[in-house]
1. If you take the square roots of the eigenvalues of the alpha-carbon gyration tensor of the stretch 183-240 and sort them as a ≥ b ≥ c, do you get rounded (a/c under 1.5), prolate (a/b over b/c) or oblate?
2. Once the Cβ-Cβ distance between TRP191 and ALA234 is put in as r, and R0 is 51 Å, what FRET efficiency do you end up with, to the nearest 0.05?
3. Just report the Cα centroid separation between the stretch 123-149 and the stretch 229-291, whole Å.
4. Mind running the shape call on the stretch 206-292? Use the C-alpha gyration tensor, a ≥ b ≥ c as the square roots of the eigenvalues: rounded below 1.5 for a/c, prolate if a/b tops b/c, oblate otherwise.
5. Taking the Cβ-Cβ separation of HIS163 and SER285 as r and a Förster radius of 25 Å, what is the calculated FRET efficiency to the nearest 0.05?
6. With r defined as the distance between the Cβ atoms of ALA98 and LEU245 and R0 fixed at 45 Å, what FRET efficiency is calculated, to the nearest 0.05?
7. Fewest to most neighbouring Cβ within 10 Å: what's the order for TRP191, TRP255?
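What follows draws every value from the coordinates through simple rules; no lab data is involved. Every value quoted in this text rests on a predicted model; they were computed, and no experiment measured them. All Cβ positions, glycine included, derive from the backbone under ideal geometry; neighbour counts span all protein chains shown.
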Amino acid sequence: MNADGESRVSEAAPEAQRLRGLRRFRRRTRPRFEGLSFNRLIPNILTMLGLCAGLVAIRAAIEGRFALAAALIVVAAVIDGLDGRLARLLKATSRFGAEFDSLADFLSFGVAPAMVLYLWSMQTVGPLGFVPCLLFAVCSALRLARFNASLDIGPAPKPAYAHSFFTGVPAPAGAGCALFPLFGALAFSEWGWVGTGDAIRHPVLVGVVLVAVGVLMVSTLPTWSFKNFRVPRAAVLPLLLGAGLYVAFLVAEPWAALAAAGVIYLGMLPFSLKSYVTLKREAESLIEPEAAQTPTA
């Protein structure tokens, strides 16, 4: 090797050492994986838990553990009230989540209550006892299908006052109202009023409740959604006190509290309709003067 070659080698050696030093102290970058963040999966995980609660409720009813079955449907209703709000909070709403939620609602609030009540009471009257249970499940499916159809064609334009109302009784509330005979019978059994509990368990009463609630679910009755519900300042303190009393009642007598919740909700439906009609009249009264003042060609 000549002198020029030796000089090039000697100059390249420090440069190679410098590059090795840079590679040694270079910050390692974490590999990035494509996919959804875990936060966006939390609402779907909650929906899956609600679906599992409905399935386990059916199994508990088959095994004759009706109190556990009723409690699991209530748990599914609580989860259903959380997953949608959590999805909006985390900005994780998606069409998949909406479809998954509808399917889970059909099983937990349509199929599960119908099967629980059939195994608890309606099977004692033979094949005809399954008819009200079948009708309730079909009404639940029709209501959820109507909701899914609105996702495809887009929500129909509504006046401002209508955004605070559902169309018909929502599925979780319908399941709670349908389970009123079971809640009441469990409460009376704990109090030792066996005769009253057996009377509430009568298939005629259970069948009438199933049919009536199913009709309310597919009806066009406006019901409060409580999403945009504004509480007057004067009613805030009484509302908080009432909620605290109900929670205490729920802890002390859970079945009686759940049965009372169903009665209270059904009792609110006439007031919900009255509120809707009042708001509609007020809106129409504001539109009519404007139409009268519009000049005609």
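1. Oblate is the answer for the stretch 183-240, as a/c is 1.5 or above yet b/c matches or exceeds a/b.
2. My answer for the efficiency is 0.90.
3. 28
4. Because a/c hits 1.5 or more and a/b fails to exceed b/c, the stretch 206-292 counts as oblate.
5. 0.85
6. 0.80
7. Lowest count first: TRP191, TRP255.
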